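This report concerns only the one structure given below.
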Amino acid sequence: MGSVSLVVNEIFFSIQGESTHIGRPCVFVRLTGCNLRCVWCDTAYAFHEGASASVDEVLDRVRAHPCRLVEVTGGEPLLQPAVLPLMERLVAEGYEVLLETGGSLSIEHVPTGVKRIVDVKCPGSGEVGRNHWDNLRHLREGDELKFVLADRDDYEWAREQIGRRGLDRLATVLFSAVHETLDPAEMARWTLEDGLAVRVQVQLHKVLWPAATRGV
């Protein structure tokens, strides 16, 4: 299994900047490639840049850091079949494993024990038509649904999806404002006015290291 190859963009040790795990030290495994082109994407460098590595090599690099929380991200990590055995190995070694996925591909076969953070693409992303809604059937305890909001229209669309689909009863729902596009305080005010059962978040890594574009 260790000989299975992945294309890895970067592996780094930082502070988790989003989700209910915000603020925790975390090892990030960023895989290369994405099938989406969200207007506000802040990791476009991961579309193509990367180097081949075996599952064993990735594990060795993860073990080099003094941390038991690992997030597999991208790009879109589920594009690479070898991500499944990688996550299986991480779980088997006792790591707490998070998966950040764009929500356009099925999460059905993600190994048990992995916590899935699934994007729900809003209209402002330009990719709203790519949401794989069948994923809602496969949510389990510990999973999260993340809406990235660019404006009031995105907010109202997200509010509608939560109400119509009962999303806040299926998983923790996260609202994140597109950095330097939507004022997070304004987004927070809207959620309070409507009494939404969501978790408002800011990207902590962009607060801690505002000039950094990689490795955070």
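The values are calculated or read from the model by the stated rules, or taken from the named source; none is laboratory data. Computed from a predicted model, the values in this text were never measured in an experiment. As a convention, Cβ positions derive from the backbone with ideal geometry for all residues, glycine included, and neighbour counts pool all protein chains shown.
General observations
- In region 90-113, the residue that is nearest to Ile162 (Cα to Cα) out of those that are touching a helix residue (DSSP H, G or I) at 6+ places or on another chain (Cβ under 6 Å) and crowded, with 23+ Cβ neighbours inside 10 Å is Thr101.
- Looking only at residues of region 37-65 that are aliphatic (A, V, I, L, M) and out of contact with any strand residue (DSSP E or B) (no Cβ under 9 Å at 6 or more places or on another chain), we find that the one that is farthest from Lys206 (Cα to Cα) is Leu59.
- Per-region count, region 114-145, residues among the small types (Gly, Ala, Ser), on the phi < 0 side of the Ramachandran plot and surrounded by fewer than 20 Cβ atoms within 10 Å (Cβ to Cβ): 1
- Residues of region 170-189 that turn out to be crowded, with 19+ Cβ neighbours inside 10 Å and free of Cβ contacts under 8 Å to residues at least 60 places away in the same chain, as a count: 6
- When Leu204, Leu167 are screened for being out of contact with any Cys (no Cβ under 9 Å at 6 or more places or on another chain), surrounded by 15 or more Cβ atoms within 10 Å (Cβ to Cβ) and modelled with pLDDT under 95, only Leu204 passes.
- Among the residues making up region 181-216, a single one is assigned to a loop (DSSP other than H, G, I, E, B), among the charged types (D, E, K, R) and out of contact with any Asp or Glu (no Cβ under 7 Å at 6 or more places or on another chain): Asp183.
- Among the residues of region 190-199, just one is without any contact (Cβ under 8 Å) to a residue 60 or more places away in the chain, within 21 Å of the chain's Cα centre (by Cα) and surrounded by fewer than 18 Cβ atoms within 10 Å (Cβ to Cβ), namely Ala197.
- Segments classed as strands (runs of 3 or more DSSP E), wholly inside region 1-89, with at least 2 members that are surrounded by fewer than 21 Cβ atoms within 10 Å (Cβ to Cβ), touching a Gly at 6+ places or on another chain (Cβ under 9 Å) and modelled with pLDDT of 95 or more: 5-15
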